[in-house]
1. Calculate for the chain the 222 nm mean residue ellipticity that helices alone would give, adding -39,500 (n - 2.57) per DSSP H run of length 4 or more and normalising by residue count, nearest 500 deg cm²/dmol.
2. What lysines does K109 reach when the alpha-carbon gap must be under 16 Å and sequence neighbours fewer than 8 apart in one chain are set aside?
3. For the chain, report the accessible area per residue in Å² (1.4 Å probe, heavy atoms, rounded to an integer).
4. For I197, I216, give me the order by solvent-accessible area with a 1.4 Å probe, most accessible first, ignoring ligands, DNA and RNA.
5. How large, in percent, is the carbon and sulfur part of the accessible surface of the chain at a probe radius of 1.4 Å?
6. When we measure straight from the Cα of K248, which lysines land under 22 angstrom away, once same-chain ones fewer than 8 places off are left out?
Amino acid sequence: MSHLLGYFAAIFIGLSLGIMGGGGSILTVPVLVYLMGVNPVLSTAYSLFVVGSTSVVGASGYFRKGLVSLKTAVVFLIPSLLAVFAVRKLLMPAIPHELFTLGGIVFTKDLLVLVAFAVLMVVAATSMIRSQQAEEVLREEPHQPHAFNYPLILGMGLVVGTLTGFVGAGGGFLIIPALVLGARLPMKLAVGTSLAIIALNSLIGFTGDLSAGTPIAWGFLLGFLAFALAGIVLGTYLARFIPGTRLKPAFGWFTLAMGTFILLRELAFTH
């Protein structure tokens, strides 16, 4: 039964990506862990593949419309790709299974990943809840005459690459403000460029897992991806009728509840 819910959730993840242009991928790891029974560390690898593949579909539509800034993507990706590959290839395999004990809670590698992911969900949820006000501010920014901020773009590339590598999430809620404020991109161009960055970041990170010898259940992974892709195709169609900006706050509250649930479950209820 939980597997059926997991595949339904995969459709929902793709649906939200298609309608809102981002945000849905934050649920991939929790769905894989709690509904599909995948190990938390392995689920971050699977999430990279699912997020990367679905982002390719999303980015391709923006690319055809000329809404991807290749110059900005390259500058952002230089540190980001190095960071995400290094984290997946070198850091993740090097982290020991048991890290430390705090207040009677044994912090394992799996627990660290889930706690870090839950904190990321809370931060992302806050961003989505406040998205309407934030997007109004960001839309005004590009009209002001400022130069391309290379240090900001390079720095955010490093941060997002490290984050993507560790928790298996795309980090679009960080990338879009960086592109608008640092590269002076209009909002639609920032969204398309963000999807392209997320696609490359995630798939390169996944190759780090492959080169590190991570065992991949390809049949299961491709089946899960198929449901997510079906969702993004449907979501892209529905986006013509449903404004993503209206859904983001509601989705943000749902994500906040999920992140809080994970923190309570992992740090309180089971210890």
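The values are calculated or read from the model by the stated rules, or taken from the named source; none is laboratory data. All values derive from a computational prediction rather than experimental measurement. Just so you know, the surface numbers come from the protein's heavy atoms only, side chains and all, with ligands and any DNA or RNA stripped out. Shrake-Rupley method; radii C 1.70, N 1.55, O 1.52, S 1.80 Å.
1. Numbers: 10 runs with 188 residues, N = 271.
Value at 222 nm, helices only: -23500 deg cm²/dmol.
2. Those lysines meeting the cut-off are K89.
3. 45
4. Heavy-atom accessible area, descending, gives I216, I197.
5. Details: 8790 of 12300 Å².
Looking at the chain in its full context, I get 71 percent from C and S.
6. K188
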